[in-house]
Every structure is written in C-alpha cells, then in structure tokens.
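Some notes on the structure that comes next.
Nothing in this text is a laboratory measurement; each read-out follows from the coordinates by a stated rule. Model, not experiment: these values are computed from the prediction. As a convention, Cβ positions derive from the backbone with ideal geometry for all residues, glycine included, and neighbour counts pool all protein chains shown.
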Amino acid sequence: MRWRDLMCGEVGSKHVGKRLAFAGWVDTRRDHGGLVFIDLRDASGVFQLVINPERAPAAAEAAHGIRNEFVLRAGGEVTERAPENVNPDLPTGAVELQVDDLEILSRSTPLPFQLDEEGVDETLRLRYRWLDLRRPKMQRNLRLRADMVSTIRREMEADGFLDIQTPILFKPTPEGARDFIVPSRLQKGRFFALPQSPQILKQLLVIGGFDRYYQIAICFRDEDLRADRVQEITQLDVEMAFPDQEYLFALMERMCAAIWREGVGDEIATPFPRMTHAEAQARYGSDKPDLRFGLEIEDVTEATRGSEFGVFANAETVRFIRVPQAFSRAELERLEAFAKEWGAKGLAYLVFAEDGEVRSPIAKFLSEGELAHFRSDPGTTVLFAADEPAVAARVLGALRLHLGRELGLIVEEAWRFVWITEFPMFEWDEEAERWKAVHHPFTRPAPGSEKLVLTDPGAATALAYDLVVNGIEIGGGSFRIHEQKLQAQVFAALQLSEEEQRRKFGFLLDALAMGAPPHGGIAFGIERMLMALGREPNLRDMIAFPKNQAGVDPMSGAPSEVEEELLEELGIQLHEQGN
Ligand code: ASP
C-alpha cells in the first residue's frame, strides 16, 4: 500500500484539482460548526485538511475523536482556499485538502506538554524526547547537523582525506578530562578507557602511511556539565603527514565557509584573522575572544609605576577597560562583586560623568599625567584590574563579556572568526603542583622552544592553534612531536616517570622510533560549531538524545544498575553508598 502521494510541505497551487493522499501527525485541530480543520504535519511541513460532514460523513465522524499528535492518513481533493482563508505565513497556505477518506493510523495518550508550548522544563523534554524531537526547533537543529556533517565529508574527501574508524574501547588518551572506563570480562581486573579523542590513534594512522585522515568521531569526556559541555561529543578529527599550517588553515577556512553558506546562507570572509595567545589575553582577557564588539583591554603598567596610588604602583600589571556608560554607585558595587567572583581583590574605577565631573575614590591619588591616560568622553567608566597578569586578564575579560552583553554592545548578527596561535606548551597546576599540557602531551614545541621543555617549561610555546568564532572555541589542534626523544622529554616535563611512560604510552614511543613522519592536525567540535552556526545557547539542543546536566538520560534512565551476576563475572564489588 502507498501511504501517501506527496509530502505535506510540497503541495501548492499546481496540485489544485488533483486527488492525493497525505500522511502525518495532527498538529492542530479546530472545530468550526460542522467543519473540522486539521493541520497535518510531516517532516516537510504542514498542510490543512478540511473535513466536511456533508462531503464525507464517515470521516467527519472519525474526526471528532482526533487529538493532537494522532497519526492520520487522509485522501481527497486539493482545492484553492477561499481568499479570506489564505494563510500567507504558511508555504502551503493557499490550498487545502477536501477530505474524502480519513484513517487514524495511530493514537496518542494526552501529551505531557504541547509541542508549541514555550519554556517547557528541559528534563520533561528529555524524558519525552520523541515528542520534543517533533518540534520545529529540534527538526531544524538536527537537519542543520546532518547537512553540516555532509558538507564536512564532501570538503575533506575532495582534498583526499580518508575516513577511517578508530576503536571505542581503548586506552586513556589524555585530553584533560576524566576517563570513562569499561571493565573487561575476559581480562578480569582490567579496564578499557573510552577515547577522549582519537588523538594517539590518528597519529598512528599517519605513521601507518595514511597521510590524510579524517573521521567524525565520538569522544567521551567525564566532565562536570555546563550549558556548553556534554560527556559525549562528536568531533571532526583530522590528521595529516608533512603538514603545512597555511594549507591546513586554508582547508579549514574553506570548509567553514561552505558550512556557513550551505547551513545558514551566510558568506563569511576568509582568510580568518590570526592573533597570538598572548595578544588575545592582553587585549581581550581570553583565549577565545568574542570580536563582535570592542571594549578592549588597555595596559598602563609602565605609566603607573611611580603612582602615589600604592595599589597601582605595586601591582605586577595595571590594566583597564573603558565602558561607554557612567555607572552609579550601586551598579559599581555589583560590578565589584562580579569582579571578585573572578578573583579580583577589588575594583578601582573612574567615572567620567555626563556633567564633566570625575567621580572616583582614587582620582585624588592620580597625577594629571596618569589621568591623561584614562581621560574619556563624558558618560564613560574606566574599570581597573591591578594584579598578576593572569588574574588581571581573567577579571577584565569576564567584565568585558558581561558588560558587552549587558549593554547590548555585541553585534549579534556578525560572524567573527579568529585563529589563536602560539599557545604556551605548559601551564602550572597549582593543586597538583606540577606542569600540565595546555593542549595535550603530543603537541610539538615551536622551533626554538624544544630546549625549554626541560629547562624552563613555562616559557615554551607550542605549535598549537585554536579556531574561535564569536567567542566560541570550535576547533583546536597542533603539529605533533614525531621524535621519540623529544616526546620522552615532554612526558618527563609532565612528571611521568620512565616506567609510567612505558606503561601508558610505550606503543606510541615505539611507533615514533620506526619512521614517524612529521605530522599534525586539528579537531572541530561538531556540537560547538552547531551552537555557533545555529545561534543556539544550549549544546544539548544540538544532540538527538543527550544526557541532562546530571549526566543522566531522563528518557531511558541510563545510567542504570546492573545485575549482581554481571558484576560478579566482571569481578566487581560495589561499596555501599557513602563509603
Ligand atoms: N585531540 C585534540 C582534541 O580533541 C585535537 C587535536 O589536537 O587534533 O582537542
């Protein structure tokens, strides 16, 4: 049997007079005297059915019991709507179906929420995800996702990249998150780790002679969850032998341009600008600067060295932003509390009021020469951070973003891409009291930084790069270490003993000793890219079946308990909760 002749969204004036069948869900139902109107919805759109008891008594009888989300099949004649009934907002709004036969294919219990309801609780939406997925937004998001992946594949394959799958059950691949582990029944007491990314495997593929690899890979990271974090992410993963940064950047720019053009119809300008990590930190207080607005950070450390204001004279750095608004005391107090949350000790300010007056408890300590650096138009507030460079950057970076949003300074419709380059190799981990890799331990030191790995790790820069759009980090990668000796030195800088190096990464070290070509690559977060492309603040709305913020799937209840027997087979014993 043929369920339907045409999709709901495809019908138009050219079908008038034709007898056709349609199948789909009841989007809405309205009773008008004897007539029943049903908006029938399928994946392509919505089409109005008219059920007239005089024309089709049996259908009219059936129509009375119909509720939203029932599944119907309707046959009849496509007719022009009366002029007063034409709906210009609907692509099919000029026509309707005069129903002759109506069949209820499937019924629905009362719905936990209406599909057009705003602000439905997310847990409820996830619990009934199959309903939620029928909403136009989710339909759009997942189509955008599929189209994006298809564009990516086309672009990568056009340049000779080969799609190769790598295992899900593997060994830890450090990307800075906690590992998910899976117990092995056959090797009792041993565990697989789910890959945080195919990092080592893609390097091995290139060492194995596949000199251009890509994969749409699932990566597992046991992280605490936020709006822009989930535990299962999908990545476009790329690696190549004999890499050339100009080639790689141009390829990724071409791919992004195609994604944006085909996804949302926007032409984005290439090549993307580049900025070093140090510059991004200094000017925007962030390694993923949102360039859709100004409010740049300025540095006055030198000019305030001899200041009578001790806080400025003694601070390692003094930086500020100029905000185009004269804040009140109450507003400044709120901003100070905000700055303290980001690690500031206080928030010094100068308000250049509309009346020309300068309001500030610190103005009296500043010389005319110093003040000249900050002098701004009336209606401006200068906000300072006087601290270690990292803290000053963090505080002003956070204030900049906060105020950019709050004061509506962000040009929402802009697309501002930027490559961030020259990352540091290592950062000091206060808690663990040791160096850790900023990207990952396989990242190559920049030429000239190789020696610093052992002598002055904090000063070493990496051949690593990130791609940022509108303040969202969508991609990141690096050139890799292809020399066994250098890799061992980087491991040593990360305080991995030789024994640990062998145990965790012996296979990589062996591979590096057997003709490993220079190589490098990049990975893009598919969901992050979709968030940017779809201007969607919630990463989970870009995923068909995500977990909630507690790492639980409210639909299936996963993760769930397992049978005692299974645990026994695995040699696992559970402690009582709280032990
Ligand atoms: N493996 C890295 C990541 O997942 C990307 C890369 O270095 O290619 O972030």
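Semi-axes of the equivalent ellipsoid of the chain: what are they in whole Å, largest first, if each equals the square root of 5 times a C-alpha gyration tensor eigenvalue?
Over the Cα atoms of the chain, the ellipsoid semi-axes are 51, 36, 24 Å.
Rounding to the nearest 10 and keeping the result within 0 to 90°, find how far the Cα-based axis of helix 245-264 lies from the longest principal axis of the chain.
It works out to around 30 degrees.
Please say if the range 422-573 is rounded, prolate or oblate, where rounded means a/c under 1.5 for a ≥ b ≥ c the square roots of the C-alpha gyration tensor eigenvalues, and otherwise the choice is prolate for a/b larger than b/c and oblate otherwise?
It comes out oblate by the Cα gyration axes.
Helix 389-406 versus the longest principal axis of the chain: what is the Cα-based angle in degrees, 0 to 90, to the nearest 10?
30
Could you work out the relative contact order of the chain? I mean the mean sequence separation of Cα pairs under 8 Å and 6+ apart, divided by the number of residues, in percent.
Answer for the chain is 13 percent.
Suppose a student asked you for the relative contact order of the range 254-355, using Cα pairs under 8 Å spaced at least 6 residues apart; what percent would you report?
15
Which angle from 0 to 90°, rounded to the nearest 10, does the C-alpha axis of helix 498-512 make with the longest principal axis of the chain?
Around 70 degrees separate the two axes.
Using only Cα atoms, locate the centre of the range 203-228 and the centre of the range 414-466, then give the distance between them in Å, rounded to an integer.
Spelled out, the Cα-based centre of one part sits 20 Å from the other.
Considering the zone a paramagnetic label at A459 would reach in this model (a point 7 Å from Cα along the Cα-to-Cβ line), which residues of the range 408-431 have amide N under 13 Å from it?
Once the point is set 7 Å along Cα→Cβ of A459, nothing inside the range 408-431 turns out to lie under 13 Å by backbone N.
Can you work out D for the range 1-135 in µm² s⁻¹ from Stokes-Einstein, where Rh is the Kirkwood radius over C-alpha pairs, the temperature is 37 °C and the viscosity is 0.692 mPa s?
213
Could you work out the relative contact order of the range 1-64? I mean the mean sequence separation of Cα pairs under 8 Å and 6+ apart, divided by the number of residues, in percent.
Computed value for the range 1-64: 27 percent relative contact order.
What is the list of residues in the range 372-387 whose amide nitrogen lies under 20 Å from a point 7 angstrom out from the Cα of N314, following Cα to Cβ?
Once the point is set 7 Å along Cα→Cβ of N314, 384-387 turn out to lie under 20 Å by backbone N, inside the range 372-387.
When a/c reaches 1.5 or more, the comparison of a/b and b/c decides; with that in mind, is the range 456-497 rounded, prolate or oblate per its Cα gyration tensor?
Note, shape of the range 456-497 comes out prolate.
In the range 1-72, which trypsin sites (Lys or Arg not before Pro) are in a loop and have at most 16 other Cβ atoms within 10 Å, using DSSP for the loop call?
Passing both the DSSP loop test and the Cβ count: R2, R4, K18, R55, R67.
Could you derive backbone 3J(HN,Hα) for the range 525-541 from the dihedral phi with the Karplus parameters 6.51, -1.76 and 1.60 (θ = phi - 60°), listing whole Hz in sequence and x where the residue is Gly or Pro?
Residue by residue, the range 525-541 yields x, 4, 5, 4, 5, 5, 4, 5, 4, x, 6, 10, x, 9, 4, 5, 6 Hz.
How large is ³J(HN,Hα) for each residue in the range 449-455, as worked out from phi by the Karplus curve 6.51 cos²θ - 1.76 cosθ + 1.60 (θ = phi - 60°), to whole Hz, x for Gly and Pro?
Values, residue by residue: 9, 4, 5, 5, 3, 9, 8 Hz.
Just check the range 135-236 against the gyration tensor rule for me: Cα atoms, a ≥ b ≥ c as the square roots of the eigenvalues, rounded for a/c under 1.5, and otherwise prolate or oblate depending on whether a/b exceeds b/c.
It is oblate, given that a/c is not under 1.5 and a/b is not larger than b/c.
Can you give the calculated 222 nm mean residue ellipticity of the chain, where each DSSP H run of n ≥ 4 adds -39,500 (n - 2.57) and the sum is split over every residue, rounded to the nearest 500 deg cm²/dmol?
-8500 deg cm²/dmol, from helical runs alone.
So what are the ³J(HN,Hα) numbers for the range 477-494, from phi and the Karplus equation (6.51, -1.76, 1.60; θ = phi - 60°), rounded to whole Hz, Gly and Pro as x?
x, 6, 7, 10, 7, 10, 10, 4, 5, 5, 4, 5, 5, 5, 4, 5, 4, 8
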